[in-house]
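The values are calculated or read from the model by the stated rules, or taken from the named source; none is laboratory data. Source: prediction; values computed, not measured. Cβ sites come from the backbone with ideal geometry, for glycine too, and all protein chains shown count toward neighbours. We work out accessible area using only protein heavy atoms, side chains counted, and drop any ligands, DNA or RNA first. Shrake-Rupley method; radii C 1.70, N 1.55, O 1.52, S 1.80 Å.
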Amino acid sequence: MLKREAHDEHRLFIDGQYRSALSGRMFEKISPITGSVIAQVHEAGREDVDLAVRAAKAALRGPWGRLTVAERASLLQDVSQAINDRFDDFLEAEIADTGKPRSLARAVDIPRGGANFSTFADMIKNLGSEFFKTDTPDGGTAINYGSYRPKGVIGVISPWNLPLLLMTWKVGPALACGNTVVVKPSEVTPHTTTLLGEVMNAVGIPKGVYNVIHGFGPGSAGEYLTQHPLVDGITFTGETVTGEAIMTQAAVGLRDVSLELGGKNAAIVFADADLDKAVAGTMRSVFSNCGQVCLGTERVYVERPVFDEFVARLKAGAEELVLGGPDYPGVGMGPLISAEHRDKVLSYYQLAEKEQANIVTGGGVPQFGDDRDRGYFVEPTIWTGLPETSALVREEIFGPCCHISPFDSEDEVIARVNDNEYGLASAIWTQDISRAHRVAPQIEVGLVWVNSWFLRDLRTAFGGSKKSGIGREGGEHSLEFYTERANICVKL
Ligand code: NAD
């Protein structure tokens, strides 16, 4: 068993070492389950960020930069294996970060943390290259082929909702392509990113390849990272307004960005759908992770003949959900991440009352009469009866709630789903295969699921359109972002 270095006090991880912040500043990590302080976190100042970025830059020219692709891939397989070997440590860290049900973290977050390294390790070994044979003006021949090199130092800025999964989703392919990274996890979820430093050292990832700086966004580590001139590319997952700020900062020096942003995702349930599956899938897409999933559904459109039945069944499902901490018996939904986020979600719950929505279920803070009253819980909530113009139907809430509307025709529902400034994901529930193929390409999003939700193959493109993001990652799309390509033309 490896020594755990930094759990109650999260230091920075720079150049292969855990270090106290030169800034001398610390902030607190509060548990979403109890509302009490569970860790002190070192906040990186500009000097700390500079140290981390310079370490990452130097590592590009060190042993890491001299590894063959096969050697690099093998090391990343070791990282994946080491995450699995320390499964329970990562599970505890993920739970400390988020308070989510243990069963959810065990089934989704930790396995994906490992898979994000093994998948891209495999992929980089099989990366092909384009090739063109060209006739030259003198009647001869030239050959052209694409050559790849790492982009350089990648700034990885990640959110709090799926902290290990979304951070490794960037770090895995970035390292597979030979880059080095400086990671700024969300200030409210420092545990798993810090722990990963131990794994990197244990498997022999050279120092400076993986660096962690803790802190906030503006006037803190996040902004200092995006402003640093030696950062060659920034990959960001988080809110749309933050993405806009980061893109503005990255414009100085023309640094490339990949932005995975917010969503206001719709599910469409046609009357011919298998209703058992549509209800179960929508339950997951609305309430999983307490609704804090970028791909989650907050708008549901149900064809009128099955509207009443669907609403009644989703209501029953929501009311059966057991709320509690990670190990609460039968728990189906944990708390929101923070008091601040609970206030935001509750402001929408209050708006629903003001706008006289029909509150089908929930709409407030549950009273348990036990320890759970200390956590940041809100009730699973369903509304109907609001117009499409309502902020509840248009804005991302990021909580365990949805609005359900009836619809009468295919064209109508496509128009209503597309009438939103976000364009991340959508789920279509129908047993009519022609309809599925007809409707899916018309939805203005980056990801459409038919008769499923959150079914991910890491080789496929992932990302959003409109205000949900810029660029695609996943499979060859990640390799595209994390490499610089050069065409090499050889006159024969
Ligand atoms: P956020 O934008 O508040 O913060 C994300 C990260 O950015 C944090 O690490 C934060 O410290 C940092 N940050 C904030 N301001 C910054 C700045 N000016 N410069 C540099 N860094 C800055 O997002 P969040 O609240 O942590 O996460 C929830 C949001 O993430 C939701 O909108 C959700 O939809 C989105 N999200 C999107 C995807 C996707 O794949 N599209 C996935 C998960 C979450």
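Say R0 is 45 Å: what FRET efficiency, to the nearest 0.05, do D8 and L492 get from their beta-carbon distance?
Working: r = 64 Å, r/R0 = 1.43.
E between D8 and L492, to the nearest 0.05, is 0.10.
Expressed as a rounded percentage, what relative contact order does segment 1-96 have, with Cα pairs under 8 Å and six or more residues apart?
RCO, segment 1-96: 21 percent.
For the full complex of protein chains and a 1.4 angstrom probe, list I414, I359 by accessible area with the highest value first. Don't skip to the end; give the middle numbers.
Details: I414 10, I359 60 Å².
Descending order: I359, I414.
Which value, in debye to the nearest 20, describes the size of the charge dipole of the chain about its Cα centre when Lys and Arg Cβ atoms bear +1, Asp and Glu Cβ atoms bear -1, and nothing else is charged? Could you put the intermediate results ahead of the total?
On the way: 48 positive and 64 negative charges, 308 e Å.
Using only the charged Cβ atoms, the result is roughly 1480 debye.
Rounded if a/c is under 1.5, else prolate if a/b beats b/c, else oblate: with a ≥ b ≥ c from the C-alpha gyration tensor eigenvalues square-rooted, which is segment 420-474?
Details: a/c = 2.37, a/b = 1.42, b/c = 1.67.
The shape class here is oblate.
What FRET efficiency would be calculated for the residue pair M247, D138, taking the C-beta separation as r and a Förster radius of 35 Å, to the nearest 0.05? Please list the in-between numbers first.
On the way: r = 46 Å, r/R0 = 1.31.
According to the calculation, E is roughly 0.15.
Would you mind calculating the gained length between E239 and D256 on full extension (0.36 nm times residue separation, minus the Cα-Cα distance), in nm to one decimal? If you can, show how the numbers build up before the last one.
Numbers: separation 17, 0.36 × 17 = 6.12 nm, distance 1.82 nm.
Between E239 and D256, full extension yields 4.3 nm more.
Place a label point 7 angstrom from the Cα of S20 along the Cα-to-Cβ direction, then list the residues of segment 33-52 whose backbone nitrogen is under 16 Å away.
40-45, 48
Suppose the chain between D432 and S36 were pulled fully straight at 0.36 nm per residue; how much longer would it get relative to their current alpha carbon spacing? List each step's numbers first, then the result.
Numbers: separation 396, 0.36 × 396 = 142.56 nm, distance 5.09 nm.
Length difference between fully extended and current span is 137.5 nm.
Based on the Cβ-Cβ distance of K344 and L127, what FRET efficiency does E = 1/(1 + (r/R0)^6) give at R0 = 35 Å, to the nearest 0.05?
Working: r = 42 Å, r/R0 = 1.20.
Approximately 0.25, to the nearest 0.05.
Quote to one decimal, in nm, the extra length available between E353 and R485 on full extension: 0.36 nm per residue of separation minus the C-alpha distance between them.
Working: separation 132, 0.36 × 132 = 47.52 nm, distance 5.42 nm.
Full extension from E353 to R485 adds 42.1 nm.
Which percent of the accessible area of segment 205-357 is formed by carbon and sulfur heavy atoms (probe 1.4 angstrom)? Can you show the working numbers first?
Numbers: 3130 of 5710 Å².
Of the solvent-accessible surface of segment 205-357, carbon and sulfur hold 55 percent.
Accessible area per residue, 1.4 Å probe, Å², for the chain: what's the number?
Details: 19360 Å² over 492 residues.
That works out to 39 Å² per residue.
May I ask you to derive the relative contact order of segment 265-457, considering only C-alpha pairs under 8 Å and at least 6 residues apart, and to give it as an integer percent? Each step should come with its number before you reach the end.
Values: 344 pairs, mean separation 55.8, N = 193.
Taking the mean separation of contacting Cα pairs over the length of segment 265-457, I get 29 percent.
Could you work out how far the C-alpha centroid of segment 201-253 sits from that of segment 71-89, in angstrom?
Result: 24 Å between the Cα centres.
Relative contact order for the chain: what percent, with Cα pairs under 8 Å and sequence separation of 6 or more?
Values: 1094 pairs, mean separation 89.3, N = 492.
Once divided by the residue count of the chain, the mean separation gives 18 percent.
Size of the dipole of segment 35-184 about the Cα centre, Lys and Arg at +1 and Asp and Glu at -1 on the beta carbon, nothing else charged, in debye to 20? Intermediate results must be reported in sequence, preceding the final value.
On the way: 17 positive and 17 negative charges, 46 e Å.
For segment 35-184, the charge dipole is close to 220 debye.
Using all C-alpha to C-alpha distances in segment 316-412, build P(r) with 10 Å bins and read off the rounded percent in each one.
Calculated over all Cα pairs of segment 316-412, the distribution is 15, 45, 29, 10, 2 percent.
Taking square-rooted eigenvalues a ≥ b ≥ c of the alpha carbon gyration tensor, is the chain rounded, prolate or oblate, where a/c under 1.5 means rounded and, failing that, a/b exceeding b/c means prolate? Kindly include the intermediate steps, with their values, before the conclusion.
Working: a/c = 2.01, a/b = 1.29, b/c = 1.56.
The shape class here is oblate.
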